[in-house]
Amino acid sequence: MSALGAVFYRESKIRATNVTFIFWDLFYPLCYMLVFGVGVNSALGSPFAAAGVDYNAFFLAGVLGMASFGIASNTSWSFFLDRDNGIFYEMLTYPLSRSEYLLGKVLFNVLIAILQAAITLLLSRLLFHLPVRWELLPLLLLGMAVGTAGWFFFYAIFALRTRRNDVFNAITSIFYFVFLFASSMFYPLEPLPAWFRGAALANPITWQIDWLRYMSIGLGDFHRIAWEALAFVGFAGAAFWGAVYCLQRQE
């Protein structure tokens, strides 16, 4: 078994011991759709009603982005568990590169994110009759994979640099609030103040969500979204390099 495969196998075995947690990972985006999407759509309607897009369809990409963000945060938190039981420093002595360690750790969770997105899209189509663009599904799932990995590498930097669990939880809570609400997750950016719109357009999660929104329901300007996708790939690459650097300094 390769080093990458060994780390992947370890992560899958850990996650498989808690079937309830995996079930929650797979289906909680649909719960957000039921609570927020249906509620807001019924109470306030959609800013894109004239274009035939209700709020459920608009919020679908936000739900997928939120799920990707959450899986990455939870996966990076597992570094603290590995430190507590001593396996973290033991694994650093194994014949595997730091890159393989990081990639193997996130790979199983990327597969969970892809399966989660497929289930959410299918049930959203069946329950809410959303106009999903199935021909673009491979590109949407690619966005989920790259997004989950990129956010994991980003969070891994702080997990590896932080020794106290409570400090890391405080950091992730702040990031959760800032990244999610200063983005295009819950609302279109066009009617918002210029300063807020500028902050949201510089937010990497906006780049991911805009990609997911275009690939799911076809809403958005493809040329701008293509540039945002390239920017997110650059962000993910920089986060990966930063996480590897922090991991190398753990010796």
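What follows is calculated from the coordinates using simple rules that are stated; it is not laboratory data. What you are looking at is a predicted structure, and each value in this text was computed from that prediction instead of being measured. As a convention, Cβ positions derive from the backbone with ideal geometry for all residues, glycine included, and neighbour counts pool all protein chains shown.
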Report summary line: Quick note on 97, 78, 68, ordering by fewest other C-beta atoms within 10 Å, gives 97, 78, 68
Report task. Place a +1 charge on the Cβ of each Lys and Arg in the chain and a -1 charge on the Cβ of each Asp and Glu, then give the dipole magnitude about the Cα centre in debye, rounded to the nearest 20. Result -> 280
**Report entry** Mean Cα-pair separation over length for the chain, i.e. relative contact order, pairs under 8 Å, 6 or more apart, %
**Finding:** 26
Query raised in the report: Tell me, 223, 129 in order of fewest to most beta-carbon neighbours within 10 Å?
Result: 223, 129
Query raised in the report: Using a basic spin-label model with each label point 7 Å from the Cα along Cα→Cβ, how many nm lie between residue 34 and residue 250?
Result: 3.8
Report summary line: For the stretch 239-250, Karplus-derived ³J(HN,Hα) couplings (6.51, -1.76, 1.60; θ = phi - 60°; whole Hz; x for glycine and proline) come out as 5, 4, 4, x, 5, 4, 4, 5, 5, 5, 8, 7
Query raised in the report: Against the longest alpha carbon principal axis of the chain, how many degrees, from 0 to 90 and to the nearest 10, is the axis of helix 19-32 turned?
Result: 30
Query raised in the report: Distance from the Cα centre of the stretch 191-222 to that of the stretch 56-122, in angstrom?
Result: 23
Query raised in the report: How far apart, in nm, are the 7 Å Cα→Cβ label points at residue 192 and residue 111?
Result: 3.6
Report task. Note down the nm distance, to one decimal, between modelled labels 7 Å out along Cα→Cβ at residue 222 and at residue 142. Result -> 1.3
Requested in this report: Grab the DSSP H runs of the chain that are 4 residues or longer, score each as -39,500 (n - 2.57), total them, divide by all residues and round the 222 nm result to the nearest 500 deg cm²/dmol.
Outcome: -26000 deg cm²/dmol
**Report entry** Cα long-axis angle, helix 165-181 against the chain (0 to 90 degrees, to the nearest 10)
**Finding:** 20
Report summary line: Counting Lys and Arg as +1 and Asp and Glu as -1 over every other residue whose Cβ sits under 15 Å from the Cβ of residue 214, the net charge comes to -1
Query raised in the report: Which value in Å does the Kirkwood hydrodynamic radius of the chain take, with 1/r averaged over all unlike C-alpha pairs and then inverted?
Result: 18.8
